[in-house]
Amino acid sequence: MTITSSSLLPAVRSFISSPRQLLIDGEWVDAKDGRTFDTVNPATEEVITQVAQASAIDADRAVVAARNAFEAGSPWSKMTPRDRSHLLWRIGDLIDEHVEEFAQLESLDNGKSLASARGDAGVAAELFRYFAGWATKMEGTTIPMSVPGREFHAYTRREAIGVVAGIVPWNFPLTMAAFKIVPSITAGNTVVLKPAEQTPLTALRLGQLLLDAGVPAGVVNILPGFGDAGAALVDHADVDKVAFTGSTEVGKKIAAGASRNLKKVSLELGGKAPNIIFNDADLEAAIAGAALAGYFNEGQCCVNGSRLYVQREVFDEVIAGVAAAAKAIKVGDAFDPATTMGPLVSQEQHEKVMGYVRGAVADGATLAAGSADSAADRGYFFSPTLITDVTEQMAVQTDEIFGPVITAIPFDTEDEVVAAANNTVYGLAAGVWSKDLGTAHRVGSKLRAGTVWLNTWHADDVTLPRGGFKQSGWGRELGSFGLDDYTELKTVIAELR
């Protein structure tokens, strides 16, 4: 299906009809050096529009604006927690009012189906409403002291950190932007957001909506651009915290850069999640769950279950079922209602995934479903792929591929599969399928991962913390736990006379 202007809402046509600018200090401005870059539709390989390309100079402009908006005496600093709560709720409602607009922009820019993009917009709206409740509940505690002959009143306060630099990936552009902006401003911080260069449009549209909702100038600044803009934020002496979601490789560079002035860092990084199916599992549910775990969001999701371990007695049955599920997935354009999987986000990503699959086949692995080639002549489409005859040493088994690729290995014993599942530098997610709840909970407790699903996958809620063990990151996002990462804990001690 070819997208024409008639397929798009008038608001979307208007939004992409002219180059998009940077948001700095409440104003839409060009990059200081005038540079722009193309953002491309991955389904058609056509340019959607041009976007201003932020540089280190623009990063400094945005940080100065954010610092001024944070400091005492600013409109933002004078806003009460209740006012912040009302503002957050209002933003959530505005996203819902414009959900189709956000969905179309996301599908154009990222390639995911309209249904998926609508779901992402709904999650973003709910994030604003959920955290609206926390704005008035950032409470401290009183702590008794035991000093002979003297009396003290001691208590703690939760206070905003200051200026937060949020750097987000391209797989969930709108929701990832919300992940950084929402807890930041809930706590009273100000933000400079750098969206991924592949997918800047919904972040920029969100910036417009924030201004419409009444967010004061400088509180949220948005800088589309490339790695140099992100590096400038990490290096900036007046940024108090960096919140990053993306690859482990880049996360290590951010941690090293932030160490120069010891700014706070939270990192949600890569994953290579093991998905374990025991022979007593509900196989119908486990097969459907395994396909969802591996192929969700075109496979471009850090918590996807890309390493499938199946007990030997049911291995062939499960492989046949997951292969059939893969072949039933309709790969196509986001605007085609029949599409259940869109393209990969870019030519670079397409070539990366294809290279891993071809390498596995060359090393002796077998394709139970899918192909080592493109699924279309135009667009970055890739067929859902299932690979067997894999060894633990193959790159396709050890590396985060970030595409619709599942590797499958049989196992015999619980101890064997737990050891294999944990034999990775990552620890973001894992899953277990068994009708024996004792087995499910016992094995789940042994898996070194920040999220463990039992007899399900991708069940989620904005109330739940997420983050990783090992090289999958530092800190937690969402829920009350996520808010803590955007605050400083202050202890106050007063002597009573």
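The condition (being of a type in the set (Val, Ile, Thr), in a helix (DSSP H, G or I) and within 30 Å of Ala369 (Cα to Cα)) is satisfied by just one residue among Val318, Val303: Val318. Residues of the range 326-348 that are touching a residue at least 40 places away in the same chain (Cβ under 8 Å), part of a helix (DSSP H, G or I) and open to solvent by 20 Å² or more (accessible area, probe 1.4 Å): Lys327, Gln347. Within the range 19-37, one or more residues are within 28 Å of Phe381 (Cα to Cα), surrounded by 21 or more Cβ atoms within 10 Å (Cβ to Cβ), under 24 Å from the mean Cα position of the chain (by Cα) and modelled with pLDDT of 95 or more.
Take Arg61 and decide whether it is at pLDDT 95 or above and either surrounded by fewer than 16 Cβ atoms within 10 Å (Cβ to Cβ) or not in a helix (DSSP H, G or I) (or both). Judged against the criteria, Arg61 is not a match. Could you tell me whether the range 140-158 includes any residue that is open to solvent by 10 Å² or more (accessible area, probe 1.4 Å), among the charged types (D, E, K, R), in contact with a Ser or Thr (Cβ under 6 Å, 6 or more places away or on another chain) and in contact (Cβ under 8 Å) with a residue 12 or more places away in the chain? The answer is yes; a qualifying residue exists. Scan the range 86-108 for residues that are open to solvent by 20 Å² or more (accessible area, probe 1.4 Å), out of contact with any Phe, Trp or Tyr (no Cβ under 8 Å at 6 or more places or on another chain) and either among the charged types (D, E, K, R) or farther than 12 Å from Leu206 by Cα (or both) and the total you get is 6. For the range 269-288, residues that are open to solvent by 30 Å² or more (accessible area, probe 1.4 Å), closer than 30 Å to Thr245 by Cα and in contact with an Asp or Glu (Cβ under 9 Å, 6 or more places away or on another chain) total 0. Considering the conditions (1) more than 24 Å from the chain's Cα centre (by Cα); (2) open to solvent by 60 Å² or more (accessible area, probe 1.4 Å), Thr44 is excluded by exactly one of them, (2).
Just give me the residues in the range 411-426 being over 21 Å from Tyr356 (Cβ atoms) and either open to solvent by less than 30 Å² (accessible area, probe 1.4 Å) or not aliphatic (A, V, I, L, M) (or both), in sequence order. Give the derivation first.
Applying the first criterion (over 21 Å from Tyr356 (Cβ atoms)) to the range 411-426 yields 411-419, 422.
Correct list: Phe411, Asp412, Thr413, Glu414, Asp415, Glu416, Val417, Val418, Asn422.
Any idea how many residues of the range 152-211 are in a helix (DSSP H, G or I) and touching a strand residue (DSSP E or B) at 6+ places or on another chain (Cβ under 7 Å)?
Here is the first cut: in the range 152-211, the residues in a helix (DSSP H, G or I) are 173-186, 201-211.
Subsequent filtering for residues that are touching a strand residue (DSSP E or B) at 6+ places or on another chain (Cβ under 7 Å) retains 176-177, 179-181, 184-185, 201, 203-204, 207, 210.
Counting residues in the range 152-211 that are in a helix (DSSP H, G or I) and touching a strand residue (DSSP E or B) at 6+ places or on another chain (Cβ under 7 Å) gives 12.
Any idea which residue in the range 364-392 is most open to solvent (accessible area, probe 1.4 Å), counting only those that are without any contact (Cβ under 8 Å) to a residue 60 or more places away in the chain and within 19 Å of Gly271 (Cβ to Cβ)? The qualifying residue most open to solvent (accessible area, probe 1.4 Å) is Glu392. Just for the range 242-267: of the residues that are touching a residue at least 24 places away in the same chain (Cβ under 8 Å) and more than 21 Å from the chain's Cα centre (by Cα), which one is most open to solvent (accessible area, probe 1.4 Å)? Only one residue tops the list, namely Arg260.
Take the conditions (1) of a type in the set (Gly, Ala, Ser); (2) open to solvent by 10 Å² or more (accessible area, probe 1.4 Å); (3) assigned to a helix (DSSP H, G or I); Ala237 misses just one of them, which is (3). Here Leu193, Leu210, Leu114 are screened, and the one residue that is under 30 Å from Tyr295 (Cβ atoms) and either free of Cβ contacts under 8 Å to residues at least 12 places away in the same chain or open to solvent by less than 10 Å² (accessible area, probe 1.4 Å) (or both) is Leu193. Looking across the range 393-410, the residues that are surrounded by 17 or more Cβ atoms within 10 Å (Cβ to Cβ) and aliphatic (A, V, I, L, M) come down to Met394, Val396, Ile401, Val405, Ile406, Ala408, Ile409.
The values are calculated or read from the model by the stated rules, or taken from the named source; none is laboratory data. Not measured: the values here are computed from a predicted model. Methodologically, a virtual Cβ is constructed for each residue, glycine included, from the backbone with ideal geometry; neighbour enumeration extends over all protein chains shown. Just the protein is used for accessible areas: all its heavy atoms, side chains included, with ligands, DNA and RNA removed. Shrake-Rupley method; radii C 1.70, N 1.55, O 1.52, S 1.80 Å.
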